[in-house]
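*Asks:* Would you mind keeping the following structure in view while I ask a few things?
The values are calculated or read from the model by the stated rules, or taken from the named source; none is laboratory data. Quick caveat, the model's predicted, so the values are computed rather than measured. Methodologically, a virtual Cβ is constructed for each residue, glycine included, from the backbone with ideal geometry; neighbour enumeration extends over all protein chains shown. Protein only, heavy atoms only, side chains kept; ligands, DNA and RNA dropped before computing areas. Shrake-Rupley method; radii C 1.70, N 1.55, O 1.52, S 1.80 Å.
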Amino acid sequence: LRPMPFGDPHELYLVRAPDQRGEFLRASEAEALRASPVGRYGLVDGERSSPVGFVMLELGGRQVPVLIGGIGEGFGEVTRVKLAFGRYFTPEDHRVRDTVPVWLTHRFFLRELGGDPDILGRRYVARAGARAMTIEVVGVTDPSVTTFNTKFGANNQLAAGFAPALPMEPDSGRFVTLATPIVRLPPDVRRERAEAEIAAALQAIRPGPG
């Protein structure tokens, strides 16, 4: 387990795979861990493939380049991320929809939208080449929140918000889907105990040599 760059460093941890893949687990392994007894720790995905991504956002006649990342189902409830206002994403939000709900970062909200308190429910068109979609603002993050990226920090100036990631594709053939699950440990569970439990569960999931 590795402490997170956001949230409570004594409770939130990133689950690292104990092999050469470093930060990542296979999606199938993460799903199996969620279904095991260690699933009680949450095991939600951090920043993941987004249904929006890099787009040109239409704002009052302007085309603004932005990055809207994806986060896994249950992320808000497990990490208890602070929102300035708005709501957490629901399980239904993580399904394919005509309109994609998003959180805006507080920095983008102030810089590009002037901190308008009536922002919730407002819809915008986002374009990536010939692809166009509609996004709906359902939340704005607290000023203390700048990123959920567990690897690269908060240096991307195009980062404008977050969207509910769609379900991961199962591992198959040549392609392996990776996950970066996050756990929240209860106050009475020490990090060493959780590490041992998760390592044992992962060892039981992974096939042995040969």
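*Asks:* Rolling a 1.4 angstrom probe over the protein chains, ignoring ligands and nucleic acids, what is the accessible area of SER144 in square angstrom, nearest 10?
*Replies:* Spelled out: SER144, probe radius 1.4 Å, area about 80 Å².
*Asks:* If you consider only alpha-carbon coordinates, what radius of gyration and Dmax does the stretch 29-85 have, in Å?
*Replies:* Radius of gyration, then largest Cα-Cα span, for the stretch 29-85: 15.9, 52 Å.
*Asks:* Expected output is a single nm value to one decimal: the length gained when fully extending between ARG131 and ASP188, i.e. 0.36 nm times separation in residues minus the C-alpha distance. What is it?
*Replies:* Length difference between fully extended and current span is 15.7 nm.
*Asks:* Also, I was wondering about something else. Once the Cβ-Cβ distance between ARG40 and THR99 is put in as r, and R0 is 41 Å, what FRET efficiency do you end up with, to the nearest 0.05?
*Replies:* Efficiency for this residue pair is about 0.75.
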